[in-house]
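The values are calculated or read from the model by the stated rules, or taken from the named source; none is laboratory data. Given the structure is predicted, the values throughout are model-derived calculations rather than measurements. With ideal geometry, Cβ positions are generated from the backbone for all residues, glycine too; neighbour counts draw on all protein chains shown. When the accessible area is computed, the model is the full protein with side chains, heavy atoms only, and any ligands, DNA or RNA have been set aside. Shrake-Rupley method; radii C 1.70, N 1.55, O 1.52, S 1.80 Å.
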Amino acid sequence: MKILITGTAGFIGFHLVEKLAKQDDIEIVGIDNINDYYDVNLKYARLKTSGIDKEKIACGSLVESSIHNNYSFLKLDLADYQSLQDLFKTQKFDIVINLAAQAGVRYSIENPHSYVQSNIVGFTNILECCRYNNIKHLIYASSSSVYGMNNDVPFSENDNVDYPVSFYAATKKSNELMAHTYSHIFHLPTTGLRFFTVYGPWGRPDMAPMLFAKAISEGKAIKVFNHGDMQRDFTFIDDIIAGVAGLIDKLPDEKSEHPFYQIFNIGNSSPVKLMDFISTLENAIGEKAILDMQPIPPGDVTITYADTTKLEKCINYKPNTTIEEGVSSFIEWYNSFY
C-alpha cells in the first residue's frame, strides 16, 4: 500500500510517519512546504529524525530516508497544482492523508490570505488529484474549532457546526463541505478528523504547552486567557496517531445517509481546566509559573470536549493518556531538545 502524507515536517505528520514506517507493507511519500510560520529549524529537526537530510531537500526531487527504507520526502507546496499533479501521476498512491494546513486560530485573524492558499486552494488541489488518480481513501485533518462556541458538551459529530468563531475554523469547516461534495459527486471516500488540542513531544511552538513550558523554564510570565476560566480536551500525540492509523482502512459506509463521507472526533474526552494544566506543567518542570491574566482573545472558545463514541465503535479505540503522563513525556522531550 502506497500512502501520501502531507505535512510531514509538521507535528502530527512527523509522528504519523514514524508510526507507519514500522510497517513493511506500507510505502510512504511525505511532502511539506516547510514554511516559516514557526521556527523552520524545528521542522528540519523532525525531518532529520525521520532520516531526511536538510541538504538533500533543496535538490527538488524525492529524498530517500536514511532510517526508514519505505519513506521518502519531497518539498512541495499544496498550492502548486501542477507539481502536485505530477507527483500523483508518477507515484500512483492508494491512500492520501492530508495533514498539511496553515494552523493557528489567532494568526488567522491577522493573516487570512495564507489560510486561503493553504487550507482552501491547497485542499482543492488535493481533492482534484484524488479525483483523477483513483485514490481509494482520502483522510484529512479537520479541527475541534469547527464547533465554535457550542455549549452542548461533549461535542458530537452530529452537532451543528455552522457558526465558527475564527477564520481558521471557517477554513476547516469549508474542508469538510468540500470533501462532502467530492464524496457525493465523484464517490471519493473521504474521512475528516476533528482533532482536539494535540500536544506532546515535537509539538508546535505556537501552542500553549510549548509557550508555557518555555516561559516557566525561563522565569517569564505566561498569558492566561479568560483569566484562567477555560477548559481544553488536551489529547496526547500518540493517541491522535493511533486513531488516524486505525482509520486508514475503515472506509465510509456506502449505505449510510452520506455515502463515501464520514467525520470523526479524536480527543481525550476529559477536559482539563487551564489552571490545572498549568499546575501539571509546574510539577513536571519543577518551577512555579508567573501568571499574566488576560481576557479571552477574539476567535477563542472557553471549552473543548470530544464525544468519541463514534470512533470507539468504528475501531474499538479510545484515547486514554492522562494529562500527567502526557505532560511528563512532553517535558522530558522539551528538556532534551532545548
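Couple of notes before you dig in:
- With respect to the conditions (1) in contact (Cβ under 8 Å) with a residue 12 or more places away in the chain; (2) open to solvent by 70 Å² or more (accessible area, probe 1.4 Å), Ser328 falls short on a single one, namely (2).
- Test: residue in segment 108-120 that is at pLDDT below 85, in contact with a Pro (Cβ under 8 Å, 6 or more places away or on another chain) and more than 16 Å from Thr191 (Cα to Cα): yes
- Taking the criterion of being part of a helix (DSSP H, G or I) and under 21 Å from the mean Cα position of the chain (by Cα), the residues of segment 279-327 that qualify are Thr309, Lys310, Leu311, Glu312, Cys314, Ile315, Ile323, Glu325, Gly326, Val327.
- Set side by side, the residues Gln85, Gln117 differ, and just one is part of a helix (DSSP H, G or I), out of contact with any Phe, Trp or Tyr (no Cβ under 9 Å at 6 or more places or on another chain) and more than 28 Å from Leu311 (Cα to Cα), which is Gln117.
- So Met210, is it in contact (Cβ under 8 Å) with a residue 12 or more places away in the chain, outside any strand (DSSP E or B), more than 29 Å from Ser50 (Cβ to Cβ) and not β-branched (Val, Ile, Thr): no
- Scanning segment 179-207 for residues that are surrounded by fewer than 21 Cβ atoms within 10 Å (Cβ to Cβ), more than 22 Å from Gly243 (Cβ to Cβ) and of a type outside the set (D, E, K, R) returns Thr181, His184, Ile185, Phe186, His187, Pro205.
- Residue within segment 90-97 that is open to solvent by 20 Å² or more (accessible area, probe 1.4 Å) and part of a strand (DSSP E or B) present: no
- One residue alone among Gln262, Gln294 is open to solvent by 40 Å² or more (accessible area, probe 1.4 Å), of a type in the set (S, T, N, Q) and in contact with a strand residue (DSSP E or B) (Cβ under 6 Å, 6 or more places away or on another chain), and that residue is Gln294.
- Only listed residue being open to solvent by less than 30 Å² (accessible area, probe 1.4 Å) and under 25 Å from Pro112 (Cα atoms), chosen from Ile31, Ile52: Ile31
- The residues in segment 17-53 that are at pLDDT 95 or above, out of contact with any strand residue (DSSP E or B) (no Cβ under 8 Å at 6 or more places or on another chain) and more than 19 Å from Ile241 (Cα to Cα) can be counted, and the count is 6.
- Hits in segment 248-299 - residues which are modelled with pLDDT of 95 or more and under 30 Å from Asn134 (Cα atoms): Ile248, Asp249, Lys250, Leu251, Pro252, Phe260, Tyr261, Gln262, Ile263, Phe264, Asn265, Ile266
- One residue stands out in segment 2-28 among those that are polar (S, T, N, Q) and within 20 Å of Leu84 (Cβ to Cβ): the one that is surrounded by the most Cβ atoms within 10 Å (Cβ to Cβ), namely Thr8.
- If only residues of segment 130-155 that are more than 30 Å from Leu84 (Cα to Cα), touching a Phe, Trp or Tyr at 6+ places or on another chain (Cβ under 9 Å) and not aromatic (Phe, Trp, Tyr) are counted, the one that is most open to solvent (accessible area, probe 1.4 Å) is Met149.
- Cross-chain or 6+ apart pairs with Cβ under 8 Å, segment 226-254 first and without any contact (Cβ under 8 Å) to a residue 12 or more places away in the chain, then part of a strand (DSSP E or B): Asp253/Gln262
- Ile216 vs. criteria open to solvent by less than 30 Å² (accessible area, probe 1.4 Å), out of contact with any Phe, Trp or Tyr (no Cβ under 9 Å at 6 or more places or on another chain) and closer than 23 Å to Val244 by Cβ: no
- Any hit, segment 239-248, residues being hydrophobic (A, V, I, L, M, F, W, C) and part of a strand (DSSP E or B): no
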